[in-house]
Amino acid sequence: MLRRDPHLPKKEDDAGESAPLSTSLTTAAAASHSSPLPYRRRCQFLVSDASFRHRHRFLLIFVLAATIALYFILVPADFILSNTSNNVKSNHPPILYGHVHMAKTGGTSLNGVIANKFDHVCGHKGYSYDAYNDNEKAKARNGAVVLSGGSVWSRSRVNPRIMSDIGYENCDYISNELDWSFWKQFGNGKFHGVNMELHVPCRDRIEHLMSMCNYEEHGKVGEKGLPTKHKIACDAKTDDDLFNSVKKCFLYLNRYDHAMLELFDVKCFSFHNQFTNYIDHMSTILSHRRFESTPYVKRETNDVRNKEEECIWYNPEVREKVDKFLLDTIPYYQFCDSCMGSENEIAT
(Lines give C-alpha, C1' and ligand atoms only; values in the text may rest on other atoms or scores of the structure.)
Protein backbone atom coordinates (compact mmCIF):
# COMPACT_ATOMS: atom_id res chain seq x y z
CA MET A 1 0.00 0.00 0.00
CA LEU A 2 1.42 3.34 -1.08
CA ARG A 3 1.45 6.26 1.35
CA ARG A 4 1.86 9.91 0.72
CA ASP A 5 5.17 11.50 1.44
CA PRO A 6 4.49 13.66 4.49
CA HIS A 7 6.92 16.33 3.30
CA LEU A 8 5.00 16.94 0.08
CA PRO A 9 2.05 19.28 -0.11
CA LYS A 10 -1.28 17.69 0.50
CA LYS A 11 -2.96 16.41 -2.64
CA GLU A 12 -6.58 17.27 -3.00
CA ASP A 13 -8.97 14.74 -4.45
CA ASP A 14 -10.85 15.26 -7.67
CA ALA A 15 -13.60 17.13 -5.89
CA GLY A 16 -10.99 19.65 -4.56
CA GLU A 17 -11.40 18.56 -0.97
CA SER A 18 -8.75 17.42 1.53
CA ALA A 19 -7.96 13.77 2.22
CA PRO A 20 -10.02 12.02 4.84
CA LEU A 21 -9.23 12.60 8.56
CA SER A 22 -7.96 9.05 9.07
CA THR A 23 -5.46 9.47 6.30
CA SER A 24 -4.18 12.73 7.83
CA LEU A 25 -3.64 11.16 11.27
CA THR A 26 -1.79 8.23 9.77
CA THR A 27 0.52 10.42 7.76
CA ALA A 28 1.18 12.73 10.76
CA ALA A 29 2.19 9.79 12.97
CA ALA A 30 4.46 8.47 10.30
CA ALA A 31 6.05 11.86 9.93
CA SER A 32 6.89 12.03 13.65
CA HIS A 33 8.78 8.72 13.51
CA SER A 34 10.51 9.33 10.25
CA SER A 35 12.03 12.72 11.29
CA PRO A 36 14.47 12.17 14.33
CA LEU A 37 16.67 15.27 13.80
CA PRO A 38 15.03 17.63 16.33
CA TYR A 39 15.20 15.04 19.13
CA ARG A 40 18.89 14.32 18.53
CA ARG A 41 19.72 17.96 18.63
CA ARG A 42 18.02 18.32 21.98
CA CYS A 43 19.98 15.35 23.44
CA GLN A 44 23.25 16.72 22.13
CA PHE A 45 22.54 20.06 23.79
CA LEU A 46 21.73 18.45 27.14
CA VAL A 47 24.88 16.32 27.07
CA SER A 48 27.12 19.22 26.17
CA ASP A 49 25.55 21.39 28.92
CA ALA A 50 26.13 18.72 31.59
CA SER A 51 29.73 18.29 30.47
CA PHE A 52 30.29 22.04 30.76
CA ARG A 53 28.90 22.16 34.29
CA HIS A 54 31.04 19.19 35.29
CA ARG A 55 34.21 20.77 33.91
CA HIS A 56 33.35 24.10 35.52
CA ARG A 57 32.82 22.48 38.92
CA PHE A 58 36.11 20.56 38.66
CA LEU A 59 37.95 23.76 37.76
CA LEU A 60 36.57 25.59 40.82
CA ILE A 61 37.59 22.75 43.14
CA PHE A 62 41.08 22.69 41.64
CA VAL A 63 41.57 26.46 42.08
CA LEU A 64 40.32 26.35 45.69
CA ALA A 65 42.61 23.44 46.61
CA ALA A 66 45.60 25.15 45.00
CA THR A 67 44.89 28.39 46.92
CA ILE A 68 44.71 26.57 50.27
CA ALA A 69 47.93 24.66 49.51
CA LEU A 70 49.77 27.88 48.66
CA TYR A 71 48.52 29.52 51.87
CA PHE A 72 49.95 26.80 54.09
CA ILE A 73 53.20 26.72 52.07
CA LEU A 74 53.85 30.46 52.04
CA VAL A 75 52.40 31.57 55.45
CA PRO A 76 54.43 30.60 58.59
CA ALA A 77 52.73 28.02 60.79
CA ASP A 78 53.21 30.03 63.99
CA PHE A 79 51.39 32.97 62.38
CA ILE A 80 48.46 30.73 61.47
CA LEU A 81 48.25 29.22 64.96
CA SER A 82 48.56 32.55 66.72
CA ASN A 83 45.81 34.11 64.66
CA THR A 84 43.59 31.08 65.18
CA SER A 85 44.02 31.27 68.96
CA ASN A 86 43.51 35.02 68.97
CA ASN A 87 40.14 34.60 67.29
CA VAL A 88 38.88 32.40 70.13
CA LYS A 89 36.75 34.47 72.48
CA SER A 90 38.20 34.56 76.01
CA ASN A 91 37.10 36.26 79.18
CA HIS A 92 40.52 35.89 80.78
CA PRO A 93 42.53 39.04 81.57
CA PRO A 94 45.77 39.44 79.59
CA ILE A 95 47.96 38.66 82.63
CA LEU A 96 47.79 36.47 85.75
CA TYR A 97 47.40 37.89 89.25
CA GLY A 98 48.98 36.44 92.37
CA HIS A 99 48.09 37.10 95.99
CA VAL A 100 51.15 36.69 98.21
CA HIS A 101 49.39 35.52 101.35
CA MET A 102 51.52 36.86 104.20
CA ALA A 103 50.61 35.27 107.53
CA LYS A 104 48.25 37.28 109.73
CA THR A 105 47.24 39.82 107.11
CA GLY A 106 43.64 38.66 106.61
CA GLY A 107 44.60 36.56 103.61
CA THR A 108 42.39 33.59 104.51
CA SER A 109 39.27 35.73 104.43
CA LEU A 110 40.44 37.66 101.38
CA ASN A 111 41.02 34.45 99.43
CA GLY A 112 37.60 33.15 100.49
CA VAL A 113 35.75 36.35 99.60
CA ILE A 114 37.40 36.68 96.18
CA ALA A 115 36.76 33.01 95.36
CA ASN A 116 33.11 33.50 96.30
CA LYS A 117 32.75 36.64 94.15
CA PHE A 118 34.82 35.92 91.05
CA ASP A 119 35.52 33.09 88.62
CA HIS A 120 38.88 31.41 87.94
CA VAL A 121 40.23 32.01 91.46
CA CYS A 122 42.60 29.27 92.63
CA GLY A 123 43.62 29.55 96.26
CA HIS A 124 45.03 27.55 99.12
CA LYS A 125 42.08 28.87 101.13
CA GLY A 126 39.47 28.29 98.44
CA TYR A 127 38.67 27.84 94.75
CA SER A 128 35.91 29.57 92.80
CA TYR A 129 34.33 26.43 91.41
CA ASP A 130 33.09 25.14 94.79
CA ALA A 131 33.16 28.34 96.87
CA TYR A 132 29.38 28.69 96.85
CA ASN A 133 28.66 25.28 98.39
CA ASP A 134 31.61 25.58 100.77
CA ASN A 135 30.25 28.83 102.17
CA GLU A 136 26.69 27.47 102.34
CA LYS A 137 27.97 24.58 104.48
CA ALA A 138 29.79 27.06 106.71
CA LYS A 139 26.54 29.01 107.15
CA ALA A 140 24.73 25.79 108.09
CA ARG A 141 27.27 25.30 110.89
CA ASN A 142 26.35 28.74 112.22
CA GLY A 143 29.72 30.12 111.27
CA ALA A 144 31.63 27.73 113.50
CA VAL A 145 34.54 27.30 111.08
CA VAL A 146 38.03 27.12 112.51
CA LEU A 147 40.98 26.34 110.29
CA SER A 148 43.66 24.61 112.28
CA GLY A 149 47.16 23.66 111.23
CA GLY A 150 48.70 20.28 110.75
CA SER A 151 47.34 17.91 108.13
CA VAL A 152 43.70 19.01 108.29
CA TRP A 153 42.63 19.70 104.69
CA SER A 154 39.26 20.84 103.41
CA ARG A 155 37.66 22.89 100.66
CA SER A 156 38.58 25.96 102.71
CA ARG A 157 42.17 24.74 103.12
CA VAL A 158 43.38 22.95 100.01
CA ASN A 159 46.40 20.69 100.11
CA PRO A 160 49.21 22.37 98.09
CA ARG A 161 49.99 19.05 96.41
CA ILE A 162 46.40 18.88 95.18
CA MET A 163 46.74 22.43 93.87
CA SER A 164 49.84 21.41 91.97
CA ASP A 165 48.12 18.33 90.55
CA ILE A 166 45.17 20.43 89.35
CA GLY A 167 47.49 22.97 87.75
CA TYR A 168 46.98 26.68 87.23
CA GLU A 169 46.12 26.78 83.52
CA ASN A 170 42.52 27.93 84.13
CA CYS A 171 43.35 30.44 86.85
CA ASP A 172 43.16 34.23 86.61
CA TYR A 173 43.96 34.84 90.29
CA ILE A 174 46.16 32.59 92.43
CA SER A 175 46.47 32.86 96.20
CA ASN A 176 49.06 30.88 98.11
CA GLU A 177 50.92 30.97 101.39
CA LEU A 178 54.04 29.00 100.53
CA ASP A 179 57.52 30.51 100.62
CA TRP A 180 58.36 32.92 97.83
CA SER A 181 60.03 30.31 95.61
CA PHE A 182 56.57 28.96 94.74
CA TRP A 183 56.04 31.98 92.49
CA LYS A 184 59.20 31.45 90.45
CA GLN A 185 57.37 29.10 88.07
CA PHE A 186 55.35 32.12 86.89
CA GLY A 187 58.24 34.59 86.69
CA ASN A 188 59.09 36.57 83.56
CA GLY A 189 56.25 35.06 81.56
CA LYS A 190 57.49 31.47 81.88
CA PHE A 191 53.95 30.20 82.45
CA HIS A 192 52.67 29.69 78.88
CA GLY A 193 54.07 33.07 77.94
CA VAL A 194 51.70 34.92 80.27
CA ASN A 195 53.07 37.53 82.66
CA MET A 196 52.01 37.75 86.30
CA GLU A 197 51.45 40.67 88.63
CA LEU A 198 51.92 39.98 92.34
CA HIS A 199 49.91 41.70 95.08
CA VAL A 200 51.35 41.95 98.59
CA PRO A 201 49.26 43.01 101.62
CA CYS A 202 50.87 45.57 103.91
CA ARG A 203 50.03 46.17 107.54
CA ASP A 204 51.37 48.31 110.35
CA ARG A 205 54.56 46.57 111.49
CA ILE A 206 53.87 46.47 115.24
CA GLU A 207 50.24 45.44 114.75
CA HIS A 208 51.39 42.68 112.44
CA LEU A 209 54.03 41.51 114.89
CA MET A 210 51.54 41.30 117.74
CA SER A 211 49.08 39.37 115.60
CA MET A 212 51.82 36.85 114.86
CA CYS A 213 52.62 36.62 118.58
CA ASN A 214 48.94 35.84 119.21
CA TYR A 215 49.01 32.86 116.87
CA GLU A 216 48.85 29.53 118.65
CA GLU A 217 51.65 27.14 117.85
CA HIS A 218 49.77 23.93 117.18
CA GLY A 219 51.23 20.91 118.88
CA LYS A 220 53.12 22.98 121.47
CA VAL A 221 51.78 23.28 124.98
CA GLY A 222 52.77 25.92 127.48
CA GLU A 223 51.72 26.74 131.03
CA LYS A 224 48.55 25.14 132.38
CA GLY A 225 48.35 22.88 129.32
CA LEU A 226 47.33 25.77 127.03
CA PRO A 227 48.71 26.27 123.51
CA THR A 228 51.85 28.36 123.43
CA LYS A 229 51.63 32.05 122.56
CA HIS A 230 54.67 34.30 122.52
CA LYS A 231 55.08 37.57 124.32
CA ILE A 232 57.50 40.41 123.71
CA ALA A 233 60.09 40.72 126.49
CA CYS A 234 59.50 44.39 127.22
CA ASP A 235 61.55 44.06 130.42
CA ALA A 236 64.54 42.48 128.66
CA LYS A 237 67.90 43.65 130.05
CA THR A 238 69.56 43.81 126.63
CA ASP A 239 68.44 44.63 123.10
CA ASP A 240 69.51 41.17 121.98
CA ASP A 241 67.15 39.58 124.47
CA LEU A 242 64.37 41.89 123.32
CA PHE A 243 64.96 41.11 119.65
CA ASN A 244 65.18 37.39 120.32
CA SER A 245 61.72 37.52 121.87
CA VAL A 246 60.53 39.35 118.76
CA LYS A 247 61.97 36.68 116.45
CA LYS A 248 60.04 33.96 118.26
CA CYS A 249 56.82 35.56 117.00
CA PHE A 250 57.83 35.52 113.33
CA LEU A 251 55.55 33.51 111.07
CA TYR A 252 56.59 32.65 107.52
CA LEU A 253 58.05 36.03 106.62
CA ASN A 254 59.95 34.20 103.87
CA ARG A 255 56.81 34.32 101.74
CA TYR A 256 58.22 37.57 100.38
CA ASP A 257 61.73 38.15 99.05
CA HIS A 258 63.28 41.05 97.16
CA ALA A 259 64.19 38.58 94.38
CA MET A 260 60.52 38.67 93.40
CA LEU A 261 61.01 42.21 92.11
CA GLU A 262 63.28 40.87 89.37
CA LEU A 263 60.66 38.41 88.14
CA PHE A 264 57.36 40.26 88.51
CA ASP A 265 55.56 43.54 88.70
CA VAL A 266 54.92 43.60 92.45
CA LYS A 267 52.26 45.88 93.89
CA CYS A 268 51.01 46.44 97.43
CA PHE A 269 47.65 47.09 99.04
CA SER A 270 46.52 48.17 102.48
CA PHE A 271 45.49 45.57 105.04
CA HIS A 272 42.75 47.94 106.22
CA ASN A 273 41.27 48.51 102.74
CA GLN A 274 41.52 45.01 101.31
CA PHE A 275 37.80 44.24 101.63
CA THR A 276 36.76 47.56 100.11
CA ASN A 277 39.22 49.30 97.81
CA TYR A 278 41.15 46.20 96.83
CA ILE A 279 38.03 44.15 96.12
CA ASP A 280 36.66 47.04 94.05
CA HIS A 281 39.90 47.12 92.08
CA MET A 282 39.81 43.41 91.31
CA SER A 283 36.13 43.59 90.35
CA THR A 284 37.17 45.62 87.30
CA ILE A 285 39.50 42.81 86.21
CA LEU A 286 38.05 39.44 87.21
CA SER A 287 34.82 37.87 85.90
CA HIS A 288 31.96 37.85 88.38
CA ARG A 289 30.40 34.54 89.34
CA ARG A 290 26.82 33.81 88.38
CA PHE A 291 25.83 33.10 92.00
CA GLU A 292 27.42 34.34 95.20
CA SER A 293 26.81 32.89 98.64
CA THR A 294 26.22 35.68 101.16
CA PRO A 295 27.12 36.59 103.77
CA TYR A 296 30.63 35.19 103.65
CA VAL A 297 31.47 33.19 106.79
CA LYS A 298 34.88 34.10 108.12
CA ARG A 299 37.28 31.20 108.67
CA GLU A 300 39.09 31.82 111.93
CA THR A 301 42.76 31.02 112.37
CA ASN A 302 43.46 33.09 115.49
CA ASP A 303 41.95 33.85 118.85
CA VAL A 304 40.80 37.41 119.41
CA ARG A 305 43.71 39.51 120.63
CA ASN A 306 43.63 41.20 124.00
CA LYS A 307 45.73 44.32 123.43
CA GLU A 308 45.65 45.17 127.15
CA GLU A 309 47.94 42.19 127.73
CA GLU A 310 50.46 43.37 125.14
CA CYS A 311 53.16 45.29 126.98
CA ILE A 312 54.57 46.93 123.89
CA TRP A 313 51.72 49.46 123.78
CA TYR A 314 52.75 50.79 127.20
CA ASN A 315 56.44 51.10 126.38
CA PRO A 316 57.10 53.70 123.64
CA GLU A 317 60.85 53.17 123.82
CA VAL A 318 60.55 49.42 123.35
CA ARG A 319 58.03 49.93 120.54
CA GLU A 320 60.40 52.27 118.72
CA LYS A 321 63.33 49.84 119.03
CA VAL A 322 61.27 46.93 117.80
CA ASP A 323 59.85 48.90 114.89
CA LYS A 324 63.32 49.90 113.73
CA PHE A 325 64.56 46.32 114.12
CA LEU A 326 61.75 45.04 111.91
CA LEU A 327 62.40 47.61 109.19
CA ASP A 328 66.16 47.06 109.20
CA THR A 329 66.13 43.28 109.07
CA ILE A 330 62.96 42.04 107.31
CA PRO A 331 62.68 42.40 103.50
CA TYR A 332 58.88 42.22 103.63
CA TYR A 333 58.64 45.31 105.84
CA GLN A 334 61.19 47.10 103.68
CA PHE A 335 59.08 46.47 100.60
CA CYS A 336 55.89 47.72 102.24
CA ASP A 337 57.66 50.81 103.54
CA SER A 338 58.77 51.77 100.03
CA CYS A 339 55.62 50.65 98.21
CA MET A 340 52.81 52.13 100.30
CA GLY A 341 52.05 55.62 99.10
CA SER A 342 53.88 55.09 95.81
CA GLU A 343 52.51 54.49 92.32
CA ASN A 344 52.68 50.74 93.01
CA GLU A 345 50.08 50.88 95.77
CA ILE A 346 46.70 49.54 94.67
CA ALA A 347 44.25 52.16 95.89
CA THR A 348 40.94 53.12 94.29
Sulfur and carbon atoms: percent of accessible area, segment 195-348 [1.4 Å]: 48 percent
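How do the peptides 96-104, 253-261, 339-347 rank, highest first, by the average count of neighbouring beta carbon atoms within 10 Å per residue? Walk me through the numbers on the way to the answer.
Working: 96-104: 22.9, 253-261: 17.6, 339-347: 13.3.
The densest-packed peptide leads the list: 96-104, 253-261, 339-347.
In debye, nearest 20: dipole of segment 220-348 around its Cα centre with unit charges on the Cβ of K, R (+) and D, E (-)?
Values: 18 positive and 22 negative charges, 140 e Å.
Approximately 680 debye in magnitude.
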Flagged links, alpha-carbon separation over 23 Å, of K125/K190; K231/K321; K184/K298: K125/K190; K184/K298
Accessible area (Å², 1.4 Å probe, nearest 10) - I95: 50 Å²
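Could you please put V297, V152 in sequence from largest to smallest accessible area, using a 1.4 Å probe? Can you show the working numbers first?
Details: V297 20, V152 80 Å².
In descending accessible area the options line up as V152, V297.
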Long-range amide H partners of L96 with built H, under 5 Å: N195, M196, E197
Inter-part distance where segment 174-220 and segment 236-272 are each reduced to a Cα centre, Å: 11 Å
Residues with amide H under 5 Å from that of F118, placed H, sequence gap 5 or more: R289
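The values are calculated or read from the model by the stated rules, or taken from the named source; none is laboratory data. Model, not experiment: these values are computed from the prediction. With ideal geometry, Cβ positions are generated from the backbone for all residues, glycine too; neighbour counts draw on all protein chains shown. The accessibility values were calculated without ligands, DNA or RNA, using every heavy atom of the protein model including side chains. Shrake-Rupley method; radii C 1.70, N 1.55, O 1.52, S 1.80 Å.
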